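The values are calculated or read from the model by the stated rules, or taken from the named source; none is laboratory data. Computed from a prediction, not measured in an experiment: that's the story for all the values here. Here Cβ is always computed from backbone atoms with ideal geometry, including for glycine, and neighbour counts include all displayed protein chains.
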Amino acid sequence: MPNEEKYVPKPNIDLYDPSKTTKQDNTLAGLTSADYFPEAADFGKSKYDNPNMSNLYLQNGDYNDLRGEKQSGLGQLGLGVLRAAGKATIEIAKTPAYLYSLGEYTLDNGASKIAGLNGQEYKGISLDKALDNSMLNYLEGLDNDMKENLPVYKSYKSGKGGLMDNITSTSFWASEGAEGVGYMLGMLAPGAALKAVNMAGKISKLGIGVTAANNIELGSMTMINTAVESLAEAKGVGDRLRKELNENPIDPVTGQEYTQEQKDIKIADASRNTFNANLGILLIPNLIMNKALLGRFGKDKSVLDRFRDPITGKLGGLQARKTLKEYGKIVLKMSTSEGFEEGAQTTVENYEVNHALGKDNRDFIEGVAHEALNTLNTTEGQKAIFLGAFLGSVAGGAGVAGAEAAVATTGTTLLGIVGPVVAVIGGLWALYWAFDKATTDFES
């Protein structure tokens with residue numbers, strides 16, 4: 001397991017001690033601090049920066065800690081709300097490009113298989129190349145710009161500390177927390193769109209029973225949400241690996257620099273494996289989540305009626321305790337489900353990247369099992385699991401009346417959903433095609 005840096009409280013140092021800096025230090029030959037401290041290139045861009053700060057703090061990058069200490073908790077939470085809304089909007093806007101990429105990858109590789117059967121040589125596009133398209137890259141740029149323009153700074157304690165140091169700080173909730181909320185909403189949006197157009201109602205008009213129509217709708221929502229989130233995870237791994245291979249281009253086994261073809265193969269394999277693994281990881285948790293948040297409440301009783309005594313009609317008593325116990329089980333189930341999902345996703349991502357970089361030569365099963373221990377024993381892994389569990393419990397509370405039936409309908413829900421999903425993909429593909437053509441014409 002990697003040795004993770006432990007949080008050690010910093011000594012009380014006067015940031016503006018004249019013995020550590022002079023005015024001449026910071027104006028030498030007309031240069032700024034960033035000119036002779038490249039690691040402090042963004043110093044001076046924040047309203048929390050002081051031009052008389054000790055050079056020692058600039059050199060060590062500790063001015064970021066001071067930004068986090070000066071930024072108010074209320075201000076951070078306000079920025080967090082904006083960041084969550086922005087993240088959700090951007091992730092929703094990515095949906096057409098994700099589904100277009102999946103269609104391009106599937107159809108192109110299908111054509112490759114057909115060509116092979118006919119004795120022709122044709123290599124289909126890799127998934128990571130399909131995901132490396134203009135719309136997704138443009139929206140990624142918007143996401144980065146949003147974070148830069150809505151900066152949330154972390155103090156030394158929350159930045160370097162453990163799980164408790166993070167979750168007890170407003171900077172965590174305004175950054176990772178807001179990111180998680182926005183991402184979750186964005187990943188639920190494609191299924192919510194099917195719900196909004198009353199897919200089940202339209203299907204039932206074709207002579208299909210109401211229960212079967214509802215199950216088809218739920219299955220379609222689950223499949224499209226699972227596909228989009230799996231594609232998002234695959235793109236994240238591909239982008240991360242592409243960056244790391246460019247920064248560290250030497251093969252640790254041979255000592256030689258990777259060729260571009262070798263890089264492409266590693267990125268393609270890692271992206272494809274991540275996509276496939278996430279399909280398995282996400283299917284059941286997403287089914288439970290979709291039923292909880294998007295499923296219909298029972299028409300026989302309102303939520304409030306479930307807490308009333310069936311004889312007296314009063315709130316409270318044995319019936320209320322029984323309902324709370326049942327709902328508690330549902331919230332716990334969703335919390336556990338989402339916590340597992342986030343932990344598993346983090347584990348698979350880290351394994352695929354390390355495997356591609358030659359840092360982990362184990363096969364998939366053994367490597368993932370080993371990486372799971374790292375996930376449990378690192379702050380980053382613990383934060384991912386905690387945040388998933390927390391958001392799962394919130395989602396469980398929001399949709400508690402409809403969640404319990406999710407698992408019971410799993411078998412029939414997954415039947416008869418291919419047609420509606422293909423129709424949705426086709427419509428979203430058309431939207432992406434229009435965007436891609438418009439941007440290409442503009443650039444030319």
Scanning region 197-222 residue by residue, those surrounded by fewer than 21 Cβ atoms within 10 Å (Cβ to Cβ) and of a type in the set (Val, Ile, Thr) turn out to be Val197, Ile208, Val210, Thr211
Ala227 - would you say it is of a type in the set (Gly, Ala, Ser) and at pLDDT 90 or above?
yes
The residue that is modelled with the lowest pLDDT, considering only those in region 160-169 that are in a helix (DSSP H, G or I) and either surrounded by fewer than 17 Cβ atoms within 10 Å (Cβ to Cβ) or more than 20 Å from the chain's Cα centre (by Cα) (or both), is Lys160
Checked pairs for region 236-250, first on the phi > 0 side of the Ramachandran plot and modelled with pLDDT under 95, second crowded, with 17+ Cβ neighbours inside 10 Å and part of a strand (DSSP E or B), C-beta under 9 Å and 6 or more apart or across chains, list as none
Report task. State whether the residues of region 178-196 include one that is surrounded by fewer than 21 Cβ atoms within 10 Å (Cβ to Cβ) and more than 22 Å from the chain's Cα centre (by Cα). Result -> yes
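Which residue, of Asn290, Asn225, Asn246, is surrounded by fewer than 24 Cβ atoms within 10 Å (Cβ to Cβ), in contact with a helix residue (DSSP H, G or I) (Cβ under 9 Å, 6 or more places away or on another chain) and assigned to a helix (DSSP H, G or I)?
Asn246
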